[in-house]
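Student: Take a look at the following structure, please.
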Amino acid sequence: MRKIIIVGGGITGLSAAFYAKKWFDERQIPVELTLIEKSDTLGGKIRTLHREGFIIERGPESFLARKMPIMTLVKELGLEDELTATNPQARTNYIVHKGKLHNMPPGLMLGIPTKLTPFMKTKLISPAGKIRAAMDLWLPKKKGMEDESLGNFIQRRLGKEVLDHITEPLLGGIYAGDTHSLSLQATFPHFSAMEKTHRSLIVGMLANKQQPAPGVAGVPEIVQKSMFLTFRKGMITLVERLQEQLQSVQLLTGQGVQEIRRDGQDYEVCLDNGQQLQADGLIMALPTHQTAKLLANRSSLHWLEKINYVSVANIALAFDAKDFTYPLNGSGFVIPRKEGRMLTACTWSSSKWLHTTPNGKILLRCYVGRGGAEEWVHLSDEQLIAAVLKDLKEMMGIQAKPLFHEITRLQQSMPQYPVGHVEELKKMRADLAVRTPGVYLCGAGYEGVGIPDCIQQGKEAAQQLVEYLGGNPFK
């Protein structure tokens, strides 16, 4: 009987448990699988609230349809019919510039212009900034392979204006970070690959655009036409279905881990309540600093403690449509750092996701917090709501009073991958394989913050653990 312990019950840990159970069962290897989660509920940041007919996401609202790890898992869980796509009539996105909302130029791909005419017409960039961006078509490619910051890369290729006015709020917003602190190789490595292959980032993006998107057999046609997907009853659907599949797994919620000790070839996991569990192998699906603390005295783990996590919040605001005058003819807007706003972005949820809102109502989802701008954490709920409504009034002219609001504070939730992150991670994993065999680390702090990235990491950790404990090697 193999004894496996997974520490962390977010989407990474749940995915690791699902695949570990699946593969041990397929190999007919007896296994005692335990998942430990400190909070009272599973799913981590994935939380869905159903209130007065509204479907409100308190964590991630959707995922990228082209990411195969989650689409594969959706098929394995039989959830294809639960998927729903964005409103095809609400594809317009906006960027705030000098206090006003401007259409994003058609042809933008991850903030990179791929169509000349719309880009030349936009008021987001000055004539000089447009000329500077066009220089990407002639600038030589970088020499050397060393990592650099995402901000430095974009500014080097397209200029400071494109970075500040377009790319930073779009790409930096994904990580709630400062692009000048985020590692290019850890966030958008394909940008670097495009430069090496095509010299020009714009040319590389155009070449990539011409590649057909991978399809997934059996997925309804409607969702194949949408960049983002979610579930009809909310993202919690994924967590609930995973939990259903783990009925034979011991799920310990409301219980944290105090210490992990090496006991010969095995590991001893000490819980908050004094209980001690033995394990042949461990999967650590926790924030990096928590993992570093539990696996103390490992020199290669010290750098994990230095990875900064930014605090963010999302605020759902419900309105009566009859009190609302602003035309919600799109999916929302992002706000560059230089605008100096409390808000960083706003999703027009009732326009973007038609299933989220009752008839005659409007739902907005507002975002607060990013690297270097976390003063909001000291505000009360009343002060936070007042600041958000002030921004909405000044940018959208909203005078209406919300029917209700829901504030979700996610303290230290967004990892910031520093320059050199990928190389440090590679060295750490090599060192762990020697010093702590049978221990595998995964989660948002390592190789991607999106739900599909976390699923993939949990799946890979499960595969490595199954092989380590004598399972047939995966082909």
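Student: What do you get for GluC sites (Glu not before Pro) in region 2-98 restricted to DSSP loop and a cutoff of at most 16 other Cβ within 10 Å of the site's Cβ?
Tutor: Answer in residue order: Glu52.
Student: If you don't mind, there's one more thing I want to ask. Return the whole-Å distance between the Cα centroid of region 330-357 and the Cα centroid of region 393-456.
Tutor: With region 330-357 and region 393-456 each reduced to a Cα centre, they are spaced 20 Å.
Student: Follow-up. So what is the relative contact order of region 16-132, in percent, for Cα pairs below 8 Å that sit 6 or more residues apart?
Tutor: 9 percent
Student: Would you list which lysines come within 17 Å of Lys160, measuring only between C-alpha atoms, while excluding same-chain residues fewer than 8 positions from it?
Tutor: Counting by Cα, and skipping residues close in sequence, Lys160 has these lysines nearby: Lys98, Lys123, Lys130, Lys338.
Student: If you place +1 on the Cβ of every Lys and Arg and -1 on the Cβ of every Asp and Glu, how big does the dipole about the Cα centre of the chain come out, in debye to the nearest 20?
Tutor: Result for the chain is approximately 1780 debye, rounded to the nearest 20.
Student: Could you tell me the distance between the Cα centroids of region 256-294 and region 101-168, to the nearest Å?
Tutor: Each part reduced to its Cα centre gives a spacing of 46 Å.
Student: Same structure, new question: Explain nothing, just the number: relative contact order of region 328-475, from Cα pairs under 8 Å at least 6 residues apart, as a whole percent.
Tutor: 12 percent
Student: If you stretched the chain out fully between Glu268 and Lys100, how much longer would it get, using 0.36 nm times the residue separation minus the C-alpha to C-alpha distance?
Tutor: 54.7 nm
Student: Residue by residue through region 364-370, which ³J(HN,Hα) values in whole Hz follow from phi under the Karplus form 6.51 cos²θ - 1.76 cosθ + 1.60 (θ = phi - 60°), with glycine and proline marked x?
Tutor: 10, 10, 9, 10, 9, x, 6
Student: Which of the three applies to region 104-209, rounded, prolate or oblate, going by the alpha-carbon gyration tensor with a ≥ b ≥ c and a/c under 1.5 meaning rounded?
Tutor: oblate
Student: Take each of the peptides 247-258, 360-371, average the number of other beta-carbon atoms within 10 Å over its residues, and list them starting from the highest.
Tutor: The densest-packed peptide leads the list: 360-371, 247-258.
Student: Still on this structure: Going by how many other Cβ atoms sit within 10 Å of their own, how do Thr436, Thr179 line up, fewest first?
Tutor: Thr436, Thr179
Student: Just name one of Leu363, Gly332, His378: the one whose Cα is farthest towards the positive end of the charge dipole of region 308-416 (beta-carbon charges, Lys/Arg +1, Asp/Glu -1).
Tutor: Selected residue: Gly332.
Student: Which of the listed residues, Gly159, Ala444, Leu252, is farthest toward the dipole's positive end in the chain, when Lys, Arg count +1 and Asp, Glu count -1 at the beta-carbon?
Tutor: Projecting each Cα onto the dipole axis, the largest value belongs to Gly159.
Student: Restricting to DSSP loop positions (anything but H, G, I, E, B) with no more than 11 other Cβ atoms inside 10 Å of their own Cβ, which GluC sites (Glu not before Pro) remain in region 119-206?
Tutor: Hits after loop and neighbour filter: Glu146.
Student: Which shape class applies to region 38-96: rounded if a/c is under 1.5, otherwise prolate when a/b exceeds b/c and oblate if not, where a ≥ b ≥ c are the square roots of the Cα gyration tensor eigenvalues?
Tutor: Verdict is oblate for region 38-96.
Student: State which helices in the chain qualify, where a helix is a whole DSSP H run, it must extend 15 Å or more along its own axis by its Cα atoms, and its mean Kyte-Doolittle hydropathy must be at least -1.0.
Tutor: Those that pass (Cα extent of 15 Å or more, hydropathy at least -1.0) are 11-26, 381-396, 421-435, 451-468.
Student: Right, another one. At a Förster distance of 56 Å, what's the computed FRET efficiency of Gln250 paired with Ala386, Cβ-Cβ distance as r, to 0.05?
Tutor: 0.75
Student: Now a separate question. Relative contact order for the chain: what percent, with Cα pairs under 8 Å and sequence separation of 6 or more?
Tutor: Worked out over the chain, it gives 26 percent.
Student: Taking the structure as given and computing Cα Rg over 2.2 N^0.38 Å, which label from (i) 1.34; (ii) 0.93; (iii) 1.01 fits?
Tutor: Answer label, from the structure shown: (iii).
Student: Only Lys, Arg, Asp and Glu count, each charged at its Cβ (+1, +1, -1, -1), so figure out the dipole size of region 104-209 about its Cα centre, rounded to 20 debye.
Tutor: Magnitude of the dipole: close to 520 debye.
Student: Same structure again: Measuring from label point to label point, each 7 Å out along Cα→Cβ, what is the Met227 to Met135 span in nm?
Tutor: Going by the 7 Å Cα→Cβ label model, 2.8 nm.
Student: Chymotrypsin sites (Phe, Trp or Tyr not before Pro), restricted to region 44-145: which are DSSP loop and have at most 15 other Cβ atoms within 10 Å?
Tutor: Counting only loop positions with at most 15 other Cβ atoms within 10 Å, the chymotrypsin sites (Phe, Trp or Tyr not before Pro) in region 44-145 are Trp138.
Every number here is computed from the coordinates shown, using simple stated rules; none is lab data. If you're wondering where the values come from, they're calculated on a predicted model, not measured in any experiment. Neighbour counts run over all protein chains shown; Cβ positions are idealised from the backbone, glycine included.
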